[in-house]
1. For every other residue with a beta carbon closer than 10 angstrom to the beta carbon of residue B:133, add +1 if it is Lys or Arg and -1 if Asp or Glu, then tell me the sum.
2. Place the peptides A:146-156, A:125-135 in order of packing, highest mean first, counting for every residue the other Cβ atoms within 10 Å and averaging per peptide.
3. How large is log10 of I(q)/I(0) for chain A at q = 0.09 Å⁻¹ when the intensity is taken from the Debye formula with one equal scatterer per alpha-carbon?
4. So which residues in segment B:130-179 end up with at least 20 square angstrom less accessible surface once the other protein chains are there, compared with the chain by itself, probe 1.4 angstrom?
5. Give the interface area between chains A and B as buried accessible surface, both sides summed, probe 1.4 Å, in Å² to the nearest 100.
6. Which helices pass in chain A if a helix is a full DSSP H run, must span at least 18 angstrom along its long axis by Cα, and must have mean Kyte-Doolittle hydropathy not below -1.0?
7. Name the chain A residue nearest the rotation axis between A and B, going by Cβ position, and give the distance in whole Å.
8. Can you tell which of A:93, A:107, A:33 lies farthest toward the positive end of the dipole of segment A:1-150, using +1 and -1 charges on the Cβ of basic and acidic side chains (Lys, Arg; Asp, Glu)?
2 protein chains.
Amino acid sequence: MPRKIRAVFFDLDNTLVDFLRFKRMCLEGSVEAMIDAGLKIEKDEALRKLYELYEKYGMEYKHIFDDFLRETMGEPDPKILAAAIVAYRQRRISFLEPYPHVIPTLLELMRKGIKLGIITDAPKLKAWLRLCTLKLHHFFKIVVTLDDTGKRKPSPEPFLLGIELAGVKPRECLYVGDREEIDIFGAKKVGMLTCFAKYGGAEYKETVVSDYVIEDFEELLEIIK
Amino acid sequence: MPRKIRAVFFDLDNTLVDFLRFKRMCLEGSVEAMIDAGLKIEKDEALRKLYELYEKYGMEYKHIFDDFLRETMGEPDPKILAAAIVAYRQRRISFLEPYPHVIPTLLELMRKGIKLGIITDAPKLKAWLRLCTLKLHHFFKIVVTLDDTGKRKPSPEPFLLGIELAGVKPRECLYVGDREEIDIFGAKKVGMLTCFAKYGGAEYKETVVSDYVIEDFEELLEIIK
């Protein structure tokens, strides 16, 4: 007998939103703006250096353009630095979009009476900033962030808090995420059904076997019939 | 015999850009977003409280929404806070525009061979961020900021540095600004010609008599014929 799904939880980055593409668009805009403002560098080389800095300091590193310019030109030219920051800000606000079919699918799940939640490792304000920028902040009553439990996935705490807030049993929940060892493994361990978001671009090694694998967000509607 | 003007220097806020209107639009967007996100408050009351905070901490105060929400609801709801920040960021990027006739007038001055510069009390990065957002960063080779002299107008240092960078005599310069005691008095003191930007909305008391007063930016072209 198929299990009845009453709540669906989502990871944020690369599950609801194509974060890597978004980041790439922001950086490309910044590099073009820096070149326009007078920086002498090839676009590809600049992007390579910027990604190296993200790898070193994390994808949310605030001082990436200062560091990049210091490496590239010594003391950063404030005009070039400002051009990078403004271009980044413009794209950050304009280009953060949910994956195709995310909004109609979420609405359809709501119409079916399914509870929707977010379980993310992002800090609370960061998570809400992302949701507001995506205009998804009214879609989720349950948003579990790093600040709520102090634990990151695959620890059970964030998953268990989501389940508790939804007032359902673990086996009535589906968790959708793009990282096998973190999202799928963590959700499975607490007894949730799991769905691997293959469109997120991460490798799916099947070392942790997910109950479902989707290539398009709207396939969720076939899982929850 | 009329003096030959070879360089024109500008103040930034309320001279090239309508900063007060811009700030109002950002705040209105944020207030509407907070109300949409669930805050129970009248729009006018919220705006009044926000302006009080700006008055207390300065117009560039970073934590205005945290403070406002703490006053209004106790512990800030992260959804409401994020909604305010995202709306502010969206408007900050989209609604910062030069006053009417600024761009064609600057281009016409350039065609006449006049040197253009900025002399502002803003810190260096802030000034360049503003210029980049306005897409005016390529218009000015000379940008004197607070960091360059450590002195604010009406001190002579920022004006003298601008004159030096332009390689002209003080009496060959026109300074355009919207604050009589700061911009006009300061520029006059070092021997520049002065122009009061009346459209900036500040009171013109004529305690310091400006050589020129303009109500529209393009009137500069009549001064510099």
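1. +3
2. Ranking the peptides A:146-156, A:125-135 by packing returns A:125-135, A:146-156.
3. At q = 0.09 Å⁻¹ the computed log10 ratios are -0.42.
4. Those are B:132, B:133, B:135, B:137, B:138, which lose 20 Å² or more relative to the chain on its own.
5. Interface between A and B: roughly 2200 Å².
6. Passing helices, by number: A:19-36, A:78-94.
7. A:93, 3
8. Positive-end residue among those listed: A:107.
The values are calculated or read from the model by the stated rules, or taken from the named source; none is laboratory data. These numbers were taken from a predicted model, which means no experiment stands behind them. Glycine also receives a Cβ, built like all others from the backbone with ideal geometry; neighbour counts cover every protein chain displayed. For the accessible areas, the whole protein counts, side chains as well, though only heavy atoms, and no ligand, DNA or RNA atoms are used. Shrake-Rupley method; radii C 1.70, N 1.55, O 1.52, S 1.80 Å.
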